[in-house]
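What follows is one structure encoded as structure tokens, with my remarks underneath.
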Amino acid sequence: MVATLLAVLALAPRADADAGELARARARANEAAAELARAESALGELDAEISSLEVRINDAEARLNALRTAVQEHAVRQFVTMEVTQYASYVEGDINTQARAETLGRAATRGNQDAVEEFTALSEDLAVAREGLAERKQAQEQAIAELTRRREQLQTELRRLEELERRRVEEERRKAAEAARAEAARKEAERRRTANQPSAPAPATPIVTGSFVCPVQGAVAFVDSWGSPRSGGRRHKGVDMMAATGTPTVAPVSGHVTHRGNGIGGLSWHLQGDDGNYYYGTHLSAYANVGAGHVQAGTVIGYVGSTGNASTPHLHFEVHVGGRGNAVNPYPYVARVC
């Protein structure tokens, strides 16, 4: 499960981030996750082989114990038969008497011959199985060591990735603060110029800029699940952007936003973009305090959650070209910017 998620981790280079450094860190983390998955598979196969050999050894030992008495009796009878035959050959000169002794000896031992043969075969099989078990256990120890090393490697790469993301977020916050201060100064200057006129409500300040921005602003993972089966015979018409509860979701483009929920999606935002397209985000944990109205691209309009029929926190994001009812695959949109 961990390997699959990291293989699609989309900690994207955004404004002023070092795209090359983030891409290299993401590639290293993905490769570390793949190596961990392979190590886990190898260890699982060895565990299964060891269990099978242990069952085989236990069964062989139990059967050998059951045959041991019969084999011992056979050995005694062989010895007695040999003694009788030799005695008859020395005492009786009659060839018929000697033949009768040999016939009696064979009859006495015939019943245990199969047990002797099975005992011999099982003994050989047990030796082979024990040798194989020793080899597998040695390989198991090596596989456990390899698994531990791969886990440590993955944790190292994840820490590097998290540090890059932290630096990116701090840079965005710094620039947002600078923009907010500049906007406040502009408003103050405007207020002074229009001191005798009522001022209009200030618009919400975007936390990220661009003509189309990633709708989830934080560590996020997603795959192209367009058209995948859903309950009730439905098909998936969006992209599920996995992120921690409370991660900000923003308007991907400028437009008019409204908030209203539904039974399947839970808390949802609806954005009629200035570009003519309709955008939909759902499963929110909360709405941003922007109300209904026009917002700029990058303005926080909600927060990632798991309301509705979601079991894992994520933003279900849809794109409808030209308006509602014409849903298209949103994966290419977010893959470029997230």
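The values are calculated or read from the model by the stated rules, or taken from the named source; none is laboratory data. Small disclaimer: the values here were computed from a predicted structure and weren't measured. Every residue, glycine as well, gets a Cβ built from its backbone with ideal geometry; the counts of neighbours run over all protein chains shown.
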- prompt: Which one is farthest from GLU135 (Cα to Cα), of the residues in the range 51-60 that are hydrophobic (A, V, I, L, M, F, W, C) and crowded, with 16+ Cβ neighbours inside 10 Å?
  reply: ALA60
- line: Of the candidates VAL257, VAL208, VAL213, the one satisfying the condition of being at pLDDT 95 or above, assigned to a loop (DSSP other than H, G, I, E, B) and surrounded by 19 or more Cβ atoms within 10 Å (Cβ to Cβ) is VAL213
message: Testing PRO252 on (1) in a strand (DSSP E or B); (2) closer than 18 Å to VAL328 by Cα, one condition comes back false. Which one is that?
response: (1)
Any chance THR69 is assigned to a helix (DSSP H, G or I), at pLDDT 65 or above and β-branched (Val, Ile, Thr): yes
field: Scope the range 143-188; condition over 30 Å from ARG38 (Cβ atoms) and under 30 Å from the mean Cα position of the chain (by Cα); matching residues
entry: ARG167, ARG168, VAL169, GLU170
statement: Result of the Cβ filter at 9 Å on the range 33-55, keeping first residues that are within 11 Å of ILE144 (Cα to Cα) and partners that are of a type in the set (Asp, Glu) and in a helix (DSSP H, G or I), at least 6 apart or interchain, is ALA39/GLU146; ALA42/GLU146; LEU43/GLU146
query: Does any residue in the range 314-331 that is more than 18 Å from THR247 (Cβ to Cβ) come within less than 8 Å, Cβ to Cβ, of a residue that is of a type in the set (Asp, Glu) six or more places away or on a different chain, and which pairs are these?
result: ALA327/GLU318; ASN329/ASP224; TYR331/ASP224
All positions within the range 281-302 that are touching a Phe, Trp or Tyr at 6+ places or on another chain (Cβ under 8 Å) and under 16 Å from VAL213 (Cβ atoms): GLY281, ALA288, ALA297, ILE301, GLY302
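Residue-wise test of (1) in the same structural domain as LEU64 (by TED's automatic domain parsing); (2) out of contact with any Leu (no Cβ under 9 Å at 6 or more places or on another chain).
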| site | (1), (2) |
| --- | --- |
| GLU117 | yes, yes |
| LEU122 | yes, no |
| ALA129 | yes, no |
| GLU135 | yes, yes |
| LEU147 | yes, no |
| ARG150 | yes, no |
| ARG181 | no, yes |
task: Name the single residue, out of those in the range 1-48 being of a type in the set (Lys, Arg) and either touching a strand residue (DSSP E or B) at 6+ places or on another chain (Cβ under 9 Å) or buried (at least 19 other Cβ atoms within 10 Å of the Cβ) (or both), that is modelled with the highest pLDDT.
output: ARG26
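Table: residues versus (1) at pLDDT below 95; (2) surrounded by 19 or more Cβ atoms within 10 Å (Cβ to Cβ).
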{"position": "GLY261", "(1), (2)": "yes, no"}
{"position": "GLY273", "(1), (2)": "no, yes"}
{"position": "THR282", "(1), (2)": "no, yes"}
{"position": "TYR303", "(1), (2)": "no, yes"}
{"position": "ASN309", "(1), (2)": "yes, no"}
{"position": "HIS314", "(1), (2)": "yes, yes"}
{"position": "GLY323", "(1), (2)": "yes, no"}
{"position": "VAL337", "(1), (2)": "yes, no"}
